[in-house]
Structure formats: C-alpha cells, structure tokens
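Student: What follows is a structure written as structure tokens; I'll ask about it next.
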Amino acid sequence: MCIQLRTTSKYSAEGASDSTVPLVSGWTDAVRVGLVVDALWKTGLACATNCSFIFQGFLEETLSGGFFSKKKLPLHGAQIEDYALIGDCETGALVSRDGSIDWLCWPNFSSAACFAALLGTAENGFWRIRPVEDVVEVRREYQPGTMIVETTFVTKQGEVCLTDFMPPRGKHSDVVRMVRGVSGRVKMHMDMVLRFDYGLTVPWVTKHGDELHAVAGPDLAVLRSQCLTGKPAELKGEDLKTVSDFVVRTGDKVCFTLTYGNSFEAVPDPINPEDALKDTHDYWCEWTDRGAYKGQYAEAVKRSLMTLKAMTYRPTGGVVAAVTAGLPERIGGERNWDYRFCWLRDTSFTLLVLMRAGYTEEAVAWRVWLLRAIAGSPGQIQSLYGIKGERRLPEWELDWLPGYENSKPVRIGNAASQQFQLDVYGEVSVALSRTPEAENELRSSSMELEATLIDHLCHVWTLPDEGIWETRGGAKHFVHSKVMAWMALDRAVKRHEHFDGVGDVKRWRKNRDLLHTEICAKGFNKKLNSFTQSYGSKALDASCLRLALVGFLPMDDPRIVGTIEAIQKGLMKDGLVQRYDPGKSSDGLKGGEGTFLACSFWMVTCLWLINRKQEATEMFDRLLALRNDVGLLSEEYDVQDKRMLGNFPQALSHIALTHAAFTLSGQWTPEPYNAKA
C-alpha cells in the first residue's frame, strides 16, 4: 500500500490519484510526527519513487523546523463588532467583514469548534473568501427578515457579493458560501484550514473528484465547489491549507458548501445551493412575518428576535446565552467564559419578549425545555444547563489557544453551574407562570413540580448565594437574589388557584411577607437612598434596577426612584451602566471589565417608567447606535476604546433591548405592586 503525503506545494506529488491524496499539515507535536512517520513507513510509504520523494520532503520540512517551529504566528481574529452571525438553529458561525468564518462549533452550539481562529491564529481553523486585489470598500447587510448575510467587496477591477448562510437543517448541517459577480472581472481566493477540537486536531483530508473529505475521529466535513455558470472552482492543497483561485465576471456565480456528518456513516449527499438559499430565505421571512411588535423600533426588535431564534437549539427549545466561548470582558484579562449554555435567569426575559412578540410556539418549547431541565429534586436546581438539559458542565482550559487578543485562559464549560444562585427560583416561577402549558409536558404534573420548588424555596431563601453575576469571591446576601426569591413566592401566592390544592399557600404568604420586610430593612441604605448590592453593603449594583421591573415596590416609591438615581450617578460611565464597581465589590477575579449592555437597557426601561421619558428615549437611541453594521450586540462595551467586549452575539443584550423597545412603545408595564395580595 502506498500512502501519498502532501505537505507544502514544494513537496506536492504530481499526478496523484484522486482517491489517495491525504493532506497532512500543521502538527507541532514531536511525538505525533514521530508516530505518524513510523506508521507511514511501516505501511509502505517508501514503496514507490514518488512516495519516497514526498516522504523525504516531509522529513526535510520536519527536521528544518516546519513542524517543530516555535515561531509565534500572528493572531487571526477580527474585532468582535466585525462579525455577523449565520445559523441553522442548532449551531452558528461567525463571519467577519473580511469574508472569514473564524468560529463554528459542529454539530451543535456546545460541540468543539472546527474553526477556532477567533481565539487564536490561522492554524486554529478558518475559512476565508475574498478578492485577490486590494479591496477599496466593504458593504454588508442581512437580507431583510433573514439570517442570510451579504458582504459586497469593491475593488478597482470590479465588484463581487459574498452570500453566507446555513440552511434549515435536515439530516446534516451545511454552510453555503456563494460568490456572485456584480461588475467587472474580479480574481478571488478561497483558503480554508479545518482544525477540529477547538483548533487542535488536524484532519486527514482526501480528494474525491471535486470534493474534499476531512476526517478526524467521529467528525467528517465535506467541502464541495459548484459553479452555476461554468466549471466548479478547483480545490487543492497548498501551504498547509485548502485553497481555490477563480475569477468571477458580471453575473457569474461560484458556490462552496461545507457539510458536517459522522465519519462512521455514509458521506452526506450534496445540496443544491440555489434551492438551499430559497429555503433559507422563505424559512426566516415566514418566521419574521409572525412578529407582533408594532412601534418605531421595529427594525431593531426584529433583528434581535431573529438573533434569539438563531441561538435556539431547535430539537429541545433551549436558548444559549451566546454562540461563543472565551471572548474577554477586558482585553488581556481573565474574565473569559463559555456562554454556549442555557441560563435559567434568562428564561423569564426570553419568554416575556417571545410572548409579547407573538412567538407562542417558541415560548412553549422553551417552557418544556425548562421543565425537563429542572425536573428532579428541587435542592439540585442549577443556574444553567446544557442545550439538552445536561447538568454536568465541567470547566476546563484550552491551553493551546492564545486567546482572543491574548486574553487567557480560554475556558470551556462553566463552573457557575455548581453555584447556589437563589434568584433562579424567581426566574423559573415567573417563566412558568407566563407561558401556556403544552400537552404532555411531563409524566408528572408541572403544577406539582412548581409547588415543590416553592416549598423548597421557603427553606433556602435565608441562605447567602453567589448572585446574578456569578461572583467567585464568596456567597453573600445579594439584594437582587432576595428580591427574585420574593417574586417567586409572590407569584405563587397570587396564582394559588392554579396549583389546585398542591402546596402550602399560607406558608408561602408568610415567607413572602417576611422576606419583603427583611429586604427593605437590610437591603436599603438610607444614606445612599438606594438599595445596595448586598445586605449591609455600601456598594451599588445595577441588578437592583430590576426591583422596579418585578413589582417589588410601586414605581413612584421614593426608594425605587432613589435607587435608579443612585445607580445613574454612581455606576454610569460615559453614558453606559456598569454592573458594579469592581474596586468596591470583591468578586474574586482580577482586572476590570467593560460596561454590561443589558444594564443600560434596564436603565432605559426604569427611566421611562418613572416618567423621565425624553431621557430614556435619548439613552435608548445611543444604545442602538452601538450595534454593529448588521444590528448585533455583544455582552459588554468598552467606552474608552469604543469597541465591543464579551461573548457575541449576547442573548441577554438583545432580550433587554427588545424589552426596552416594548416599554418605550407602550406595550409593556410591570406587574403592579400589591402588598395585600
């Protein structure tokens, strides 16, 4: 048997058989290289002159430092705001203004990335298509009402449009990239580096006709080129990459598809790119047309809702907090988390906006996911779960990735899943109360489950917790957590008829009233005229803005107004609201962070509700201006460097935006306070 090894173009074999052209590249581990060389030699690598030549070239490249080189490669990722999201409601990819896909986890949101150059170098995986000549202008937009992104490159030789999308998933997941000539004659270049396991594992790539098959363990990716007016673009190996050079003229279309499958199953069938484009367009337009929002912020609301839909794992209904992991809250800092999971505290926000926007089906699916996730002992409820309801989300670090702009460590998994966070009981209670029940939600009654959670809450609300911000500096009696626990008890009391005799309503009412009294006594600082971060603390916390949004006190109560004004004065920086001041609140982490965008949207809503409407409107307009060119927001914003920070796109930012838009449009008001209920 003769296995041909193609390293760089210098050592490429001429006339190699299509069925035996493995592309091996990028290994820097000496043991791996030694084992591969040994294995290839034993299988007869030197059995032919041509193979001996390739083997010799491989050894020369290895011994000269090509595979052992410690040369530091440049980082690859663009600025966070330069990315657009495409997705198939089971996973998502980030495409830069440069035409490079730098992040894609396959087959689902929480899988390992096969393109991870966002957090490292080109060697960690990317897929770029762009003109060869200098680009003088780049324009980008989503096709209206869809998640199909179009990037137009203008050069002196002409203009081309790159269309990127992921069709609604059938059996397999696809990324489709279509290059259309708009004017002139433009030379194009495509280069791809596939690296499974978050940029670590080099696949074995073989060429089959016009296709490339990349295999690494259970993972299979199939790259195909289809030209709708002429020959397909040629795919070849060069400089440790898969590349293609082609020319498009006015009206020409060249398409590339990348399809994921299991390596132990049949190779996925090819798809028709034009049909896939129509199906994707129709799918998103039909979904968007169902929206019920009526107001002046329709464009921003629609884009936010589409983003939330794209971040929904369709098989279960779970919504991930973001499609990325490891994007820093401060460049060069250690606050780099994995957000590809479902947070319970986001549920009430998500359900609120979905129901208000007319998406009852998605809200019910989210409710069913929630019931499955929390089913079991109430004492084991977690703050976050996997997209399928998984409970074990161990946190570990990717030491082979340098991190986004050298922000380390890159963490996968999330240890916050093991924290005690009291506020989730309130979020779950409100979420379940706001959505209609689905048939056969659980084998046991969801009402019984809710009642059991409330009964358990009566035992645990006196305990300190790690809070909404998941601090790692020790548990405290966080005011926001206590208010959310109060909310769970309050809503349960008001809905006691719903429980049909299940649960001790008298006990619920007693605990609710005790907790309300305690919060007002221990959580309010008279000198600051504000509720504070925790009992007895002098630190302000933007989460206290939510007290006004859940009906804890009347909106015109001096303590509510005072809290809003104190946060506005003490936590606003250049017009945006910080979560808290890290210098005054120990959270167990080093360094600072950007301003948390959701907090600023909460401030907008609060200002509107206390009748400072012009101020709220002006602030909302400033926040909308922070979205990138395709309407997306990250978790945080750096007001000094004027750039986005944190994972992207961030569900909570878009949820808070949508909630604020409903409020400013007169389509939402908080549940009124009623002390006698």
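Student: Could you order peptides 92-105, 557-570, 326-339, 518-531 by the average number of other Cβ atoms within 10 Å of their residues, highest first?
Tutor: Order by mean packing, descending: 92-105, 326-339, 557-570, 518-531.
Student: Another question, then. Sort the stretch 590-649 into rounded, prolate or oblate with this rule: let a ≥ b ≥ c be the square roots of the eigenvalues of the Cα gyration tensor; rounded if a/c is under 1.5, and if a/c is not under 1.5, prolate when a/b is larger than b/c, oblate otherwise.
Tutor: Note, shape of the stretch 590-649 comes out prolate.
Student: Take each of the peptides 391-400, 193-202, average the number of other beta-carbon atoms within 10 Å over its residues, and list them starting from the highest.
Tutor: Taking the mean over residues of other Cβ atoms within 10 Å, the ranking is 193-202, 391-400.
Student: Under the rule a/c < 1.5 gives rounded, and otherwise a/b versus b/c splits prolate from oblate, where does the stretch 373-490 land using the Cα gyration tensor?
Tutor: Cα axes put the stretch 373-490 in the oblate bin.
Student: Might you report the magnitude of the Cβ-based charge dipole of the stretch 133-238 about its Cα centre, with Lys and Arg at +1 and Asp and Glu at -1, to the nearest 20 debye?
Tutor: Once rounded to the nearest 20, the dipole reads 240 debye.
Student: Assuming a strict under-19 Å limit between Cα atoms, what lysine pair count do you get for the stretch 163-303 once near-sequence pairs (fewer than 8 apart, same chain) are dropped?
Tutor: So the count works out to 11.
Student: A follow-up question, please. Report relative contact order for the stretch 451-556 in percent, whole number only (criteria: Cα-Cα under 8 Å, sequence separation at least 6).
Tutor: 26 percent
Student: Now a separate question. Any idea what the relative contact order of the chain is, in percent, if you count C-alpha pairs under 8 Å spaced at least 6 apart?
Tutor: 11 percent
Student: Can you give the local net charge around Tyr535? Use residues other than it whose beta-carbon is closer than 10 angstrom to its beta-carbon, Lys and Arg +1, Asp and Glu -1.
Tutor: +2
Student: Let me make sure I get this right: for the stretch 203-360, a, b and c are the square roots of the gyration tensor eigenvalues over alpha carbons, sorted descending. Under 1.5 in a/c it's rounded, otherwise prolate if a/b > b/c, else oblate. Which is it?
Tutor: prolate
Student: Next question, about the same structure. Magnitude of the Cβ-charge dipole of the chain, K/R +1 and D/E -1, about the Cα centre, nearest 20 debye?
Tutor: Using only the charged Cβ atoms, the result is roughly 1460 debye.
Student: Once the dipole of the chain is set up with Lys and Arg at +1 and Asp and Glu at -1 on Cβ about the Cα centre, which of Phe648, Thr152, Phe552 lies farthest towards its positive end?
Tutor: Result: Phe552, furthest along the dipole toward the positive end.
Student: Could the peptides 470-477, 646-653 be put in order, highest first, of the mean number of other beta-carbon atoms found within 10 Å of their residues?
Tutor: So the order, starting with the most tightly packed, is 646-653, 470-477.
None of the figures in this text is laboratory data; all of them are computed from the coordinates on show. Remember, predicted model here, so these are calculated numbers, not experimental data. With ideal geometry, Cβ positions are generated from the backbone for all residues, glycine too; neighbour counts draw on all protein chains shown.
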